[in-house]
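Down below is the structure, laid out as structure tokens.
The values are calculated or read from the model by the stated rules, or taken from the named source; none is laboratory data. Quick caveat, the model's predicted, so the values are computed rather than measured. Using ideal geometry, Cβ is built from the backbone for each residue, glycine included, and neighbour counts are taken over all protein chains shown. SASA here: full protein model, heavy atoms, side chains in, ligands and nucleic acids out. Shrake-Rupley method; radii C 1.70, N 1.55, O 1.52, S 1.80 Å.
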Amino acid sequence: MDTEAIREKYEALAPIFTERSRRWWAAAEAKSLGYGGIAAVERATGVSRSTITRGIRELESGEM
């Protein structure tokens, strides 16, 4: 997976992220990548696995 592309997207959006939007973006990015997506997003952004997993749960439950 292209972690550099993930990092570039994250850095472009980072100034406008709130904690919640950062979590949801990381979750959506990880889901779009499929298998290994959580690890790739974690490596590229430094967002923790638990934060990404929480975001995925929130997105899937409609907790928005």
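Some points to look at:
- Search result, residues across the stretch 1-24 that are of a type in the set (A, V, I, L, M) and in a helix (DSSP H, G or I): Ala5, Ile6, Ala12, Leu13, Ala14, Ile16
Okay, residues lined up against (1) open to solvent by less than 70 Å² (accessible area, probe 1.4 Å); (2) in contact with a strand residue (DSSP E or B) (Cβ under 8 Å, 6 or more places away or on another chain); (3) of a type outside the set (Asp, Glu):
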site	(1), (2), (3)
Glu4	no, no, no
Ile16	no, no, yes
Arg20	no, no, yes
Ala28	yes, no, yes
Leu33	yes, no, yes
Gly36	yes, no, yes
Ala40	yes, no, yes
Val47	yes, no, yes
Ser61	no, no, yes
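- When residues in the stretch 25-64 are screened for being without any contact (Cβ under 8 Å) to a residue 24 or more places away in the chain, part of a helix (DSSP H, G or I) and under 14 Å from Glu4 (Cα atoms), 3 of them pass.
- Cross-chain or 6+ apart pairs with Cβ under 6 Å, the stretch 1-14 first and more than 12 Å from Ala30 (Cα to Cα), then at pLDDT 95 or above and not β-branched (Val, Ile, Thr): Arg7/Ala44
- Residues of the stretch 4-35 classified as closer than 15 Å to Ser48 by Cα and among the β-branched types (Val, Ile, Thr), total: 1
- In the set (1) surrounded by 15 or more Cβ atoms within 10 Å (Cβ to Cβ); (2) more than 10 Å from the chain's Cα centre (by Cα), the condition left unmet by Thr53 is number (2).
- Subset of the stretch 15-24 (residues that are touching a residue at least 12 places away in the same chain (Cβ under 8 Å) and of a type in the set (A, V, I, L, M, F, W, C)): Trp24
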